[in-house]
1. Return the only residue of A123, A134 being open to solvent by less than 20 Å² (accessible area, probe 1.4 Å), hydrophobic (A, V, I, L, M, F, W, C), over 15 Å from V27 (Cβ atoms) and touching a strand residue (DSSP E or B) at 6+ places or on another chain (Cβ under 7 Å).
2. Go over the candidates F143, F157, F122 one by one and state the one that is farther than 27 Å from L70 by Cα, over 10 Å from the mean Cα position of the chain (by Cα) and among the hydrophobic types (A, V, I, L, M, F, W, C).
3. It is to be established whether one or more residues within region 7-17 are among the polar types (S, T, N, Q), assigned to a helix (DSSP H, G or I), more than 15 Å from F107 (Cα to Cα) and open to solvent by 80 Å² or more (accessible area, probe 1.4 Å).
4. Scan region 95-112 residue by residue and report those that are more than 12 Å from A67 (Cα to Cα) and open to solvent by 20 Å² or more (accessible area, probe 1.4 Å).
5. Report whether or not P65 is in contact with a Cys (Cβ under 6 Å, 6 or more places away or on another chain) and touching a residue at least 12 places away in the same chain (Cβ under 8 Å).
6. Counting only residues that are under 15 Å from E96 (Cβ atoms) and part of a loop (DSSP other than H, G, I, E, B), which one in region 156-168 is modelled with the highest pLDDT?
7. Residue by residue through region 27-50, note down the ones that are under 26 Å from T113 (Cα atoms) and either surrounded by 15 or more Cβ atoms within 10 Å (Cβ to Cβ) or in contact with a Pro (Cβ under 8 Å, 6 or more places away or on another chain) (or both).
8. Suppose we filter W88, W72 for residues that are closer than 18 Å to L160 by Cα and either open to solvent by 50 Å² or more (accessible area, probe 1.4 Å) or touching a residue at least 24 places away in the same chain (Cβ under 8 Å) (or both); which single one remains?
Amino acid sequence: FGTFPTVSETFLLREIAALSQMDVPLVLLALARGPNQPLHSMARPWLKGVIYRPRERPGELAAAPFAAGLRWWAGVQRPARMAAGLAWRYPLLGREIAMSFLSACYFATRVGTRICHVHATFASIPATVGLFLAEILGTGFSFAGHARDIFTREATFLPLKIREAEFV
């Protein structure tokens, strides 16, 4: 998730609930907490288990590649090279790329081997983080594209993400 929970994304809560009813084990990762707004009742059971990217402790995020590299040395190499290549080709997106890589490393240290597939809810930054995370952990990767991803310029590197994804 980019943010969780968000009232306007109840369709995602329905997807989570359906997967949960099918006994699919889920680990929710979010780049940020949702805005201060009424909480949808379907989000309440998931709040405790959401792993959020740290905002208050930037040092923890900066140290994440080292921590992830200790456990998945080979796994960190490919997304690091991928991030460096993207930053070289798209210098104006360097901050987004670096933050996505750091976030993926952070999440890898938090989920460990608990996941066997990474699915991003949007084709924008969540999918960039998801792609890097899947590479680190050696798992499959997929993402969902929505109207905002398709009709705005928020979803960067779509050809790469589509090529790397098992399904979209």
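The values are calculated or read from the model by the stated rules, or taken from the named source; none is laboratory data. On a predicted model such as this, the values are computed, not experimentally measured, just so you know. Neighbour counts run over all protein chains shown; Cβ positions are idealised from the backbone, glycine included. All accessible areas refer to the heavy atoms of the entire protein, side chains included, with ligands and DNA or RNA removed. Shrake-Rupley method; radii C 1.70, N 1.55, O 1.52, S 1.80 Å.
1. When all the criteria are applied, what remains is A123.
2. F157
3. For region 7-17, residues among the polar types (S, T, N, Q), assigned to a helix (DSSP H, G or I), more than 15 Å from F107 (Cα to Cα) and open to solvent by 80 Å² or more (accessible area, probe 1.4 Å): present.
4. R95, E96, A98, M99, F101
5. Considered against the rule, which asks whether it is in contact with a Cys (Cβ under 6 Å, 6 or more places away or on another chain) and touching a residue at least 12 places away in the same chain (Cβ under 8 Å), P65 comes out as yes.
6. F157
7. Hits for region 27-50 are L28, L29, A30, L31, R33, A43, W46, L47, V50.
8. Being closer than 18 Å to L160 by Cα and either open to solvent by 50 Å² or more (accessible area, probe 1.4 Å) or touching a residue at least 24 places away in the same chain (Cβ under 8 Å) (or both) holds for just one of W88, W72, which is W88.
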